[in-house]
Each structure stands twice: as structure tokens, then as C-alpha cells.
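Colleague: Shown below is the structure under consideration.
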């Protein structure tokens, strides 16, 4: 069985950042999968499900309604390991060109006030599992390190 690309990255060297996980072609259209890595795998505590869930709701709302990528978003959701998110976009993108939108998304989350969009029993399959204060904390933490002072090492997967 072939390893998928994300399993071939040395997670002990992986830092917080924005990485292009893969690019796939379907009928001549490129689909880019972005690894938005908020925590250093196996070296930092992961994000709890309630704040991960809230970041998912707020991030999806922002990306699909307000970002310049809104018509290109296929999916935004958490990684199973709870260290970040995957963003799937129609189009061929590089990490650096997505930074403006990703920074704006996390600024939106960090500064969000009010009811969490989609947080009702009718709209959400686990509507009680949310934590806005901690979602805002994690978003602000990710903005400060590394988004607002991004380095190439936070944009390109580590070489083995």
C-alpha cells in the first residue's frame, strides 16, 4: 500500500504554518489541499474538540462568505489529529498567496463576538460542543506565531 503524502511528512520536524499538502487534477481542474497547521504535532497539546468545532464553524462562515476565495472553497474542516485544519480549494495555489485570506480568517475568529453561526440543534450535529473563548485564544495564538511573522519554514514542508 502506498503512503499518502501527509503520512510521509516527518511530523517531529513539522512546525506551525500553512502548507500545500497536495494538488490533484480532475478533468483538467486543479484542486489544492492546504494544511493549516496550528500546533506542532506531538510536541504541543492538541486543540480540544469544542474549540476545534467553533473554529470550524467560524472559519467556514468567513471563508465561504467574506474571503476572496469564497467561490473556490470546497471544504474547510479539522484534521483528525486535532493539530489544525484542511482547506480544499478549486485552483492551483501556493502557500504564500493564500496568507492574506488565512490571516483574515483567523483575525475574524480571534475577534468574533456574538452567537456562533450554525450553533443550534437544527443546524449542527453536536451543537452543545462549542467553546468560543478558547477558539478565539487559539486563533490569536496562531496569528501571533507564525502567521503575522511567517517564514519560509512555515510555508514549506520540512525536508527529511
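Bear in mind that the values in this text are calculations on the coordinates, not laboratory data. This is a predicted model, so every value here is computed, not measured. Note that we place each Cβ from the backbone using ideal geometry, even for glycine, and neighbour counts take in every protein chain shown.
Colleague: Take every Cα pair under 8 Å in the chain that's 6+ residues apart, average their separations, divide by the length, and report that relative contact order as a whole percent.
Modeller: For the chain, the relative contact order is 29 percent.
Colleague: Between region 131-150 and region 31-49, how many Å separate their Cα centres?
Modeller: Centre-to-centre distance over Cα atoms comes out at 12 Å.
Colleague: Using a Gaussian network for the chain with springs between C-alpha atoms less than 10 Å apart, which of these wobbles most: 27, 42, 111?
Modeller: Of 27, 42, 111, the most mobile in the Gaussian network model is 27.
Colleague: Please report, for the Cα atoms of region 1-79, the Rg to one decimal and the Dmax as a whole number; what are they, in angstrom?
Modeller: Rg, Dmax (Cα atoms, Å): 14.4, 41.
Colleague: So for each of 147-155, 98-106 I average, over its residues, the number of other beta carbons within 10 Å; can you give me the resulting order with the highest mean first?
Modeller: Listed from highest to lowest mean packing, they are 98-106, 147-155.
Colleague: Under the rule a/c < 1.5 gives rounded, and otherwise a/b versus b/c splits prolate from oblate, where does region 33-89 land using the Cα gyration tensor?
Modeller: Cα axes put region 33-89 in the prolate bin.
Colleague: Mind ranking 34-41, 68-75 by how tightly packed they are, going by the mean number of other C-beta atoms within 10 angstrom, highest first?
Modeller: My ranking of the peptides, most packed first, is 34-41, 68-75.
Colleague: With angles folded into 0 to 90 degrees, how steeply does helix 95-110 sit against the dominant principal axis of the chain? Use alpha carbons for both and round to 10.
Modeller: The answer is roughly 20 degrees.
Colleague: I need the P(r) histogram for the chain: all alpha carbon pairs, bin width 5 Å from 0 out to the longest distance, whole percents.
Modeller: Histogram of Cα-Cα distances, whole percents per bin: 2, 9, 18, 22, 21, 15, 9, 4, 1, 0.
Colleague: By how many degrees, 0 to 90 and rounded to 10, does the Cα axis of helix 132-144 deviate from the longest principal axis of the chain?
Modeller: The angle comes out at about 30 degrees.
Colleague: Further question: Could you calculate the contour length gain from residue 96 to residue 12, that is, 0.36 nm times the residue separation minus the distance between their Cα atoms, to one decimal place in nm?
Modeller: Additional length available on full extension: 28.0 nm.
Colleague: Something else now. In the Gaussian network model of the chain, springs joining C-alpha atoms below 10 Å, which of 47, 122, 31 carries the largest mean-square fluctuation?
Modeller: 122
Colleague: From the helices alone, meaning DSSP H stretches of at least four residues, give me the mean residue ellipticity at 222 nm for the chain, per-run term -39500 (n - 2.57), in deg cm²/dmol to the nearest 500.
Modeller: -9500 deg cm²/dmol
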